[in-house]
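K.L.:
Here's a structure for you.
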Amino acid sequence: MTNLFAEELTIAYDNEVIVDRLNLKFSPGEITAIIGPNGCGKSTILKTMARLQPSHSGAVYLDGKLIHKTSSKEIAKKMAILPQSPDAPEGLSIYELISYGRTPYQSGFSRLTTHDCEMIEWALNVTGLSSIQHQPVDTLSGGQRQRAWIAMAIAQETNLLMLDEPTTYLDPAHQLEVLKLLEKLNEEEGRTIVMVIHDLNHAARFADHLVALKQGKVIKEGTAEQVMNADVLKQVFNIDTEIITDPRTGKPAMISYDLIK
Amino acid sequence: MNRVPKHIIWKISLLVVLLILAALASLNFGIISISPGEVLRTFLGNGTPKQKLVLFDLRMPTVILAVLVGAFMAVSGTILQGITRNELADPGILGINSGAGLAVVLYITFFKTSTGSLSIAHTFILPLCAFLGALLTAGLIVAIAWKGGFQSIRLVLVGVGINAGLSAILVALQLRLDPLDFTKAMVWLSGDLWANQWTYVYALLPWFLILIPYALYKAHTLNVLNLGTQVANGLGIRTNRERLYLLILAVALAGLGVSAGGGIAFLGLIAPHIARRLTGPKHLTLIPAAVLIGAVILLIAETVGRNVLAPVEIPAGIVVSIISTPYFIYLLLKTK
């Protein structure tokens, strides 16, 4: 089980501090959802903890090792990160895209091994893309495209999967499809999943652990019941909410909200 | 899917055939026409002394140089388009043409070479000047554009700026040249395969044999860089370092290309484009296709330029531009 945590992490852009001495830990085997208003630093924290951007001070540890002292390739064997709305070059097929997920295991002229091919086949199957594997990614619908990218990330064969807004730009059915896929990967494969997500009801429904952020600080973290309540949401988003228990899922759900003037 | 799809192998084979045909045509046509049969006979050692002279000392080195220069420019463009993720990038944005051009014009200005015939020393020093000029300019552009890391938009903007500045200096200097030198500089700047001697072939061939395989070795890295910086970083590619290596490779290729070929502008832009249309975005097949297309285009341009208004020769670079301009406009219209 892969363990990732940040200790006294400070992130700054051009001397403007975005995140100040953050301590954050993602529990192995769980789905963690990071929520918070626009500009609160959710994506920045995710990217910094995934070594995609530098930190100002503090440390991020992956399995007990300092992340900036670990080779990028080693990290890529333990942690996959899917940035927000990635873009594939024109004409690249789904199969080829997924095969790039095997990059951390390859070197030089990089021929795919039998094991590489097995992982690609598995990723195709689990995301339901086998029948269209030769289609170019740029011709797919939004939902299919997102599944193709997730397939690339899971072909990377890492225990930890980080996703930045994986449901953005998708219709309600496709959003649910992506989230259920992540849930399945978590339940059946025991993968640790960390995602930044805007839809609060989805966060409450699918995450074991929620982290509510505001201005780079953790306001509240815990189970859906602990985080999805009127007090916390007022403090984090400055909204007045009506929360009920969703009869379908048994989780808290927001049925209505208004701005606080 | 380790195997290259059949249709791609087929297309690349077709390009090889095309290259051979273009080479034969280039050997055939000229003020002295030598038929394919006579070419073969001369190769087998049975040609007349005149045919031998024309084939071995004039046309063969030209053909091989056109292939080498075409390949260098095409692969340089392929790499640049790959690392910037910008399909309109070409070696010109690195200031290769203007830098090399300025160095050559400066050299002519200071040493007044062309009033007589070029001495032996000058024929060697001019390509070296061009190469160093290209390298210095590209180095300057990369150094200014590099801000803690690689940003393709910075590279393009700095490239445009430096290019404009150098071109201005170039024009100012050219206007002070005497007419004969001016003509010479113009011909060079338009991309004349001026260095058509075996010496240059021997100088460039080793680089071809080292740099093109190295580019192929980096094909997978280029593929992953094409997914964007963040995705590539996430997959364990050290994008800044890889981009810098590839940038140096592109600069070296283009520098070698202009040193022997002059300012052949469009080739590095259109050859990768046509190649991408034929083989798709994977660099392991894209690079060989670009090599072949670059070589074919330059060979055809050279042959056409030498024959169409004979005995007046049109620089190959101008023919390339004439051929490519409609394609370029078509490309812009199609770009979303």
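K.L.:
Under 16 Å between C-alpha atoms is the cut-off here; go through chain B and count lysine pairs that meet it, provided they're at least eight residues apart or on different chains.
P.N.:
Count of close lysine pairs: 4.
K.L.:
Continuing with the same structure: Just to verify a number: FRET efficiency for B:Arg238 and B:Leu58, C-beta to C-beta distance, R0 = 56 Å, to 0.05?
P.N.:
E between B:Arg238 and B:Leu58, to the nearest 0.05, is 0.70.
K.L.:
Further question: Suppose we keep just the DSSP beta bridges with both residues in the protein assembly as shown; what percent of those would be antiparallel, to 5?
P.N.:
Values: 27 of 44 bridges.
Once the DSSP bridges in the protein assembly as shown are tallied, antiparallel ones form about 60 percent.
K.L.:
Using the Cα centre of the protein assembly as shown as the reference point, and only Cβ charges (+1 on K/R, -1 on D/E), how large is the resulting charge dipole? Debye, rounded to the nearest 20. Provide the component values of the computation, followed by the final result.
P.N.:
Values: 48 positive and 43 negative charges, 290 e Å.
Around 1400 debye, computed over the protein assembly as shown.
K.L.:
Only Lys, Arg, Asp and Glu count, each charged at its Cβ (+1, +1, -1, -1), so figure out the dipole size of the stretch B:6-334 about its Cα centre, rounded to 20 debye.
P.N.:
Working: 21 positive and 10 negative charges, 164 e Å.
Dipole of the stretch B:6-334, to the nearest 20 debye: 780 debye.
K.L.:
Right, next: Just tell me, in residue order, which DSSP H segments of chain B are both 24 angstrom or longer along the helix axis (alpha-carbon based) and at least -1.0 in mean Kyte-Doolittle hydropathy. Before the final figure, lay out the partial values.
P.N.:
Working: long enough: B:6-28 (33 Å, 1.80); B:60-84 (36 Å, 1.78); B:120-145 (38 Å, 2.19); B:152-175 (34 Å, 1.84); B:198-217 (29 Å, 1.39); B:239-261 (32 Å, 1.00); B:283-307 (36 Å, 1.53); B:316-334 (27 Å, 1.66).
Qualifying helices: B:6-28, B:60-84, B:120-145, B:152-175, B:198-217, B:239-261, B:283-307, B:316-334.
K.L.:
Let me ask something else. Which distance in nm do the two modelled labels at A:Phe5 and B:Thr48 give, with both placed 7 Å along the Cα-to-Cβ direction?
P.N.:
Taking the two extended label points, one gets 9.1 nm.
K.L.:
Further question on the same structure: With +1 on each Lys and Arg Cβ and -1 on each Asp and Glu Cβ, and nothing else charged, work out how big the dipole of the stretch B:66-217 is about its Cα centre, in Debye to the nearest 20.
P.N.:
280 debye
K.L.:
Also: I need the phi-derived Karplus couplings for the stretch A:209-226: 6.51 cos²θ - 1.76 cosθ + 1.60, θ = phi - 60°, integer Hz, Gly and Pro marked x.
P.N.:
3J(HN,Hα) across the stretch A:209-226, in whole Hz: 9, 10, 10, 9, 10, 8, 6, x, 10, 7, 7, 7, 9, x, 6, 4, 4, 6.
K.L.:
A follow-up question, please. Accessible area, 1.4 Å probe, largest first: how do B:Lys218, A:Lys251 sort?
P.N.:
A:Lys251, B:Lys218
K.L.:
Need one number: % antiparallel among DSSP beta bridges in chain A, to the nearest 5.
P.N.:
60 percent
K.L.:
When the Cα centres of the stretch A:138-153 and the stretch B:148-197 are compared, how far apart do they sit, in Å?
P.N.:
Between the Cα centres of the stretch A:138-153 and the stretch B:148-197 lies a distance of 44 Å.
K.L.:
Rounded to whole Hz and in sequence order, give me ³J(HN,Hα) for the stretch A:13-30 from the Karplus expression 6.51 cos²θ - 1.76 cosθ + 1.60, θ = phi - 60°, writing x for Gly and Pro.
P.N.:
Values, residue by residue: 10, 6, 6, 9, 6, 9, 10, 10, 6, 8, 10, 8, 10, 9, 6, x, x, 10 Hz.
K.L.:
How about the stretch A:55-142: which trypsin sites (Lys or Arg not before Pro) there are in a DSSP loop, with at most 11 other Cβ atoms within 10 Å of their Cβ?
P.N.:
Counting only loop positions with at most 11 other Cβ atoms within 10 Å, the trypsin sites (Lys or Arg not before Pro) in the stretch A:55-142 are A:Arg111.
K.L.:
Oh, and also: Please label the shape of the stretch B:6-334 as rounded, prolate or oblate, based on the square roots a ≥ b ≥ c of the eigenvalues of the alpha-carbon gyration tensor (a/c under 1.5 means rounded; beyond that, a/b larger than b/c means prolate, else oblate).
P.N.:
Values: a/c = 1.98, a/b = 1.23, b/c = 1.60.
Oblate.
K.L.:
Ok, one more. Quick check: residue separation of B:Ala25 and B:Asp178 times 0.36 nm, minus the Cα distance between them. What number comes out in nm?
P.N.:
Stretched out fully, the B:Ala25 to B:Asp178 stretch lengthens by 51.4 nm.
K.L.:
Rounded to the nearest 0.05, what FRET efficiency do B:Tyr217 and A:Leu66 have when you use their Cβ-Cβ distance and R0 = 22 Å?
P.N.:
Working: r = 31 Å, r/R0 = 1.43.
The calculated FRET efficiency here is 0.10.
K.L.:
In whole angstrom, how far apart do the alpha carbon centroids of the stretch A:8-30 and the stretch A:42-60 sit?
P.N.:
6 Å
K.L.:
Oh, and also: List, in the order given, every pair from A:Lys25/A:Lys69; A:Lys47/A:Lys73; A:Lys78/A:Lys184; A:Lys47/A:Lys77; A:Lys77/A:Lys220 whose Cα-Cα distance in the structure shown is over 23 Å.
P.N.:
Pairs exceeding 23 Å: A:Lys77/A:Lys220.
K.L.:
Now for a separate question. Got a sec? Charge dipole of the stretch A:167-261, +1 on Cβ for Lys and Arg, -1 for Asp and Glu; which of A:Ile239, A:Met195, A:Pro172 is way out at the positive end?
P.N.:
Value: A:Ile239.
K.L.:
Starting from the Cα of B:Trp207, move 7 Å in the Cα-to-Cβ direction to define the label point; list residues of the stretch B:51-80 whose amide nitrogen is under 19 Å from there.
P.N.:
B:61-80
The values are calculated or read from the model by the stated rules, or taken from the named source; none is laboratory data. Treat the numbers as computed from the prediction; the structure is a model and nothing was measured. Counting neighbours? That spans all protein chains shown, and the Cβs are built from the backbone with ideal geometry, glycine included. Protein only, heavy atoms only, side chains kept; ligands, DNA and RNA dropped before computing areas. Shrake-Rupley method; radii C 1.70, N 1.55, O 1.52, S 1.80 Å.
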